Structures are given as C-alpha cells and as structure tokens.
Amino acid sequence: MPYNKVMILDIPISNLSLEDFLERIYGELSSKTKNIFIVTANPEIIMTAKHSPSYRKSVLQANYIVPDGSGIMLASKILDQPLAEKITGYDLFHIFLAHASEHKKTIYFFGSKEGVASKAALNALELYNDFKIAGTKNGYSGLGEDIALEIAETKPDFVFVGLGAPLQEQWIADYKYLFPHAVLMGVGGSFDVLSGNSKRAPQFWIKHNLEWLYRLLTQPIRGKRMMQLPLYLMLVFKQKWKRSRILKKENGKIL
Ligand code: UDP
C-alpha cells in the first residue's frame, strides 16, 4: 500500500507515525511475501547519498526510509511539510527485539568488532527472552557474498546490520535478495551500546534533541562528519526556495 513521503534533498522520507509504521511492518512480515529493507536516515546519510550516486541507489532500494533524528525533523519543518514522528534507530532496534521475543522470531546480529555482536545478543536475551538468535558475526571478517550466504542459511526473521553508514545500507541493498522474507535494517553502533562497549547519551540530552552534541563531545572524531550539517541545512533552504519559485510560477506570479 502506498504511503505519504516527504522529499528531503531527493531522498523520500516515510511520513508515518511509529504506530502506523509498525503496523505495516508486522503485517508485511507475517504475510511472508517479501523482504523489508529499512533505512534510519539522518543528515549524514542524506549528505553521503548526495555525494555518492551508488550509495543513493542503495538507499533508494529501501522500502522505508524513516526519520532518525532532529536534523530530518527540522528539515521537514523548514520545508513546511512536517513529518509525523521521529523514529530513532536505536529505539526501533529495541522495539523489534521486543516484537521478536513476543512472536518467537529469529534474529541475526552482523557487524562491530569481534565479540561485540555476540555480547550484545546475550544482553538482548537477558532483556527480552524467547527469541532465537540465529547467529552473530563481527563486521571485520569479510562483507562479501560468501558471508551473506552464511548468514542467509540461518534463515533469520530480522537481520540487524551494524557496519555503520554507508557500508550497512550498501551491504543490505546488495544481498537482500538472499533474505526473501526478512526485515533488514542498518543499526550503526547499536551493538556497541547494547553490549556495554559504548554508552548512549543520557536521557536529558536525548529529551532535548541534543544526542548529536553529546556524541560530538564524547567522540570528537565525529566532528568531521558533523561539519556536513551546516551544508545540509543550506541545501534544505535551497530546496525550499526552489519549490516556492516553482509554486509561484505555477500560480502565474512569475512569467
Ligand atoms: N564497523 C564494522 N565493520 C567495518 C566498519 C565499521 O563492523 O568495516 C562497525 C563499527 O565497529 C561500529 C559500527 O560499524 O560498531 C559503526 O558505528 P558508528 O557509531 O560509526 O555508526 P553510527 O551509529 O554513527 O551510524
């Protein structure tokens, strides 16, 4: 079923409330008619897609590109097309784990350094029981078809890929054909957080939309990536300006 999207720098972002989004995903998952590729988009992903046509092609293969973070919500407001709800990748990851537990689905954790995905899976089992861990694999022992086949053989219902952007979206786009009925989602550094290897921002920062600032202060190496943010906002304003010119032209206000 088609659904409403908001174009932000040529990337169609799903305009669905979390409830509607989950209803669609679980319906599609239980009908077992296709796989579902979810991208949790932030400004860095959008800017990478802007500069790399091949990455953009991978991202556009997603069934749902959800707004992960304040930068996307802000852009939708600037464009006067406010998105329904922010859907954060880490929260979505936990929602899916809880669903997998409730419905006895199998999960696979692929990515992060040796030992991290397996520790994260054990912690996930402690938090939510009853799902089956189809397997875990670190993200540094190959990303090719042989690895994808090995993962596919375990027939997971959910494949969480923690390789960071752009690798994770490229990997899913390349190999999702091997997972005809699974939900596949890139989860960035979520295994690091779930395993206890790194910490998510405290609630105060999350509540005030400052998780990005917390990450910048605790991991200054991210500074370079975040330099893209001002340019991202400039391009959003440019899109708004272009759109209003087109609308004015259509209304006959410009020759
Ligand atoms: N990673 C990986 N293989 C690689 C490169 C990265 O498994 O070849 C992992 C890395 O260990 C980390 C994750 O990908 O766990 C990227 O985390 P980051 O916090 O950068 O992602 P974000 O949450 O910002 O998307």
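Couple of notes before you dig in:
- Test for G69: is it touching a Phe, Trp or Tyr at 6+ places or on another chain (Cβ under 9 Å), closer than 21 Å to F21 by Cβ and within 16 Å of the ligand (Cβ to nearest atom): yes
- Filtering the stretch 43-65 to residues that are without any contact (Cβ under 8 Å) to a residue 40 or more places away in the chain and under 16 Å from M185 (Cα atoms) leaves only N63.
Okay, residues lined up against (1) touching a helix residue (DSSP H, G or I) at 6+ places or on another chain (Cβ under 9 Å); (2) surrounded by 17 or more Cβ atoms within 10 Å (Cβ to Cβ):
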| site | (1), (2) |
| --- | --- |
| N4 | no, no |
| I13 | yes, yes |
| L16 | yes, yes |
| K57 | yes, no |
| L60 | yes, no |
| D80 | yes, no |
| L92 | yes, yes |
| I95 | yes, no |
| K113 | yes, no |
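- Applying the condition of being outside any loop (DSSP other than H, G, I, E, B), of a type outside the set (G, A, S) and within 16 Å of the ligand (Cβ to nearest atom) to the stretch 125-144 and asking which residue is farthest from T106 (Cα to Cα) yields K137.
- Residue match in the stretch 208-216 (condition: away from the ligand (no atom under 12 Å from the Cβ) and hydroxyl-bearing (S, T, Y)): yes
- Pairs with Cβ under 9 Å, 6+ apart, first in the stretch 185-200 and near the ligand (Cβ under 7 Å from one of its atoms), second modelled with pLDDT of 90 or more and among the β-branched types (V, I, T): G188/T40; F191/V116; F191/T136; D192/V116
The values are calculated or read from the model by the stated rules, or taken from the named source; none is laboratory data. Because the structure is a prediction, the values reported are computed rather than measured. As a convention, Cβ positions derive from the backbone with ideal geometry for all residues, glycine included, and neighbour counts pool all protein chains shown.
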